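K.L.:
This is the structure, below, for whatever I ask next.
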Amino acid sequence: MTIAVHESALIRHFNTRKETLRAWEEKIGCKFSPFRGYKMPDSRLYVEHPEFLDSIVDLVLTNERHIFIRGPVGSGKSTLMLLALRDLPTLADRRGNKFVTGYVGMTGLYEKQMAAAIADSLRVKYRRSWESSQIIEAVAQECLRRYVEERCRTALFIEDVADNQEAAFHKLRYLADLPTEEMIDAYGGALDEPIVTLIMSGTAEYWNAMLNFLPQIADRTEPLDVPPFDDAKAMEFIGRRLAYARGEIDRFNPDDFDIYPFTVEAVKIINTAARGNPRDIRMLARGCQQVAAENFRRFGDPMIGSDIAELVADAYNSILQEVR
């Protein structure tokens with residue numbers, strides 16, 4: 001016996017919507033949605049903040065303070081950390097030390113998970129049977145060896161640090177306090193400065209948690225607030241994503257690029273509604289895409305002008321007000 005399965009109205013609706021979006025993407029020359037989300041996007045999509053990035057790197061090079069990159073969700077903290085991580089291995093500090101870098105992008109880690117993630121990121125060997133304190137001690141000894149024998153300081157990047165368990169904080173405190181008194185006694189004048197710099201990220205709430213849980217580190221940490229995108233950066237953000245979806249990102253010129261089918265005024269409206277937050281710019285642009293795709297289906301016009309941008313921005317603000 002054959003059972004006939006009929007398309008439900010819901011499936012038909014989503015299939016029609018998918019076809020509508022695809023037709024719009026094809027019309028503007030894109031192979032896929034320009035505004036899809038990525039956990040870790042291609043570095044060619046990054047819109048850099050040169051001055052802000054320089055301030056991060058300069059603080060690491062001077063080795064006077066740890067760093068906390070502070071900003072709301074979606075403001076580009078992870079991107080800035082990855083850009084700084086990219087640049088550091090090519091530089092040397094004021095004493096001529098090179099850098100060994102590690103990056104812990106996982107959150108919600110327990111004490112041993114944090115210790116293991118730090119060791120893995122810094123390429124330090126350890127036994128899986130070891131306790132967290134043993135793993136961190138192995139990390140400390142390897143950081144010491146690299147500093148003394150290879151003239152390499154350690155820069156450890158940790159994303160959304162306050163998402164992790166309180167006990168994991170104390171592993172960071174141990175590394176932030178290096179060299180220990182025992183290390184200084186053993187090596188004397190060779191260890192007269194910190195050998196590990198922490199570069200952490202999080203929201204203002206995370207920073208406040210750190211002030212409460214780890215005042216010993218917070219007192220030696222410089223908070224840096226991520227600047228919002230101005231209109232020019234918002235246009236570059238959208239331009240890069242359009243070029244990426246068209247397969248043209250390798251030819252992207254930040255001084256001369258196309259934002260078709262967006263108008264300049266539409267991008268300004270989107271950026272104002274998003275308050276310069278890259279994640280929210282992407283969400284608003286995706287909302288504009290959906291409205292424009294429906295317009296294209298009905299009228300044959302793929303453009304995103306100020307009328308569509310205002311419509312989507314108003315809806316976005318209404319949702320935010322309800323959430324608040």
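Since every read-out is calculated from the coordinates, none of them should be taken as a lab result. The structure presented is a predicted model; accordingly, all values stated were derived computationally and were not measured. Here Cβ is always computed from backbone atoms with ideal geometry, including for glycine, and neighbour counts include all displayed protein chains.
K.L.:
How do 224, 80 line up, fewest other C-beta atoms within 10 Å first? Can you show the working numbers first?
P.N.:
Numbers: 224 19, 80 23.
Fewest-to-most ranking of 224, 80: 224, 80.
K.L.:
Another question about this same structure. Determine, from the Cβ-Cβ distance of residue 22 and residue 301 and an R0 of 25 Å, the FRET efficiency 1/(1 + (r/R0)^6), rounded to the nearest 0.05.
P.N.:
Details: r = 17 Å, r/R0 = 0.68.
Plugging the Cβ-Cβ distance into 1/(1 + (r/R0)^6) gives 0.90.
K.L.:
With no solvent and one equal point scatterer placed on each C-alpha of the chain, evaluate the Debye formula and give log10 I(q)/I(0) for q = 0.10, 0.12, 0.14 Å⁻¹, two decimals.
P.N.:
For the chain at q = 0.10, 0.12, 0.14 Å⁻¹, log10 I(q)/I(0) is -0.70, -0.89, -1.06.
K.L.:
Anything over 18 Å Cα to Cα? Flag those among 77/233; 98/125; 233/268, in the order listed.
P.N.:
On the way: 77/233 15 Å; 98/125 21 Å; 233/268 10 Å.
Where the Cα-Cα span goes over 18 Å, the pairs concerned are 98/125.
K.L.:
Return the lysines within reach of residue 27: Cα separation strictly under 20 angstrom, same-chain partners fewer than 8 residues apart disregarded; answer none if there are no such residues.
P.N.:
Straight-line reach from residue 27, under 20 Å: 18.
K.L.:
What full-extension length gain, to one decimal in nm, is calculated for residue 40 and residue 211 as 0.36 nm per residue of separation minus the Cα-Cα distance? Walk me through the numbers before you get to the answer.
P.N.:
Details: separation 171, 0.36 × 171 = 61.56 nm, distance 2.87 nm.
Stretched fully, the residue 40-residue 211 segment lengthens by 58.7 nm.
K.L.:
Expressed as a whole percent, how much of the Cα-Cα distance distribution for segment 50-225 exceeds 30 Å?
P.N.:
Working: 1745 of 15400 pairs.
Result for the distance tail: 11 percent.
K.L.:
Convert each backbone phi in segment 186-196 into a coupling constant with the Karplus relation 6.51 cos²θ - 1.76 cosθ + 1.60 (shift: θ = phi - 60°), then list the ³J(HN,Hα) values in order as whole Hz, x for Gly and Pro.
P.N.:
Per-residue couplings from phi come out as 6, 10, x, x, 6, 10, 10, 8, x, 10, 10 Hz.
K.L.:
Starting with the fewest neighbours, write out 237, 99 ranked by other beta-carbon atoms found within 10 Å of each beta-carbon.
P.N.:
Numbers: 237 25, 99 20.
The order, fewest Cβ neighbours first, is 99, 237.
K.L.:
Pick out which of 158, 136, 28 has the largest mean-square fluctuation in a Gaussian network model of the chain, springs linking Cα atoms closer than 10 Å.
P.N.:
28
K.L.:
If you stretched the chain out fully between residue 51 and residue 150, how much longer would it get, using 0.36 nm times the residue separation minus the C-alpha to C-alpha distance? Numbers along the way, then the final one.
P.N.:
Values: separation 99, 0.36 × 99 = 35.64 nm, distance 3.04 nm.
Length gained, residue 51 through residue 150: 32.6 nm.
K.L.:
Just rank 267, 47, 291, 60, fewest to most, by other beta-carbon atoms within 10 angstrom.
P.N.:
Values: 267 26, 47 20, 291 16, 60 23.
Ascending Cβ contact count within 10 Å gives the list 291, 47, 60, 267.
K.L.:
If you don't mind, another one. By the scheme Lys and Arg +1, Asp and Glu -1, what is the net charge of all other residues having a beta-carbon under 12 Å from that of residue 151? The partial results should precede the final answer.
P.N.:
Working: positive: 95, 98, 145, 146, 153; negative: 93, 149, 150.
Local charge sum for residue 151: +2.
K.L.:
Determine which aspartates and glutamates satisfy two conditions relative to residue 112: a Cα distance under 20 Å, and not lying fewer than 8 residues away in the same chain.
P.N.:
120, 131, 137, 142, 159, 160, 163, 166, 177
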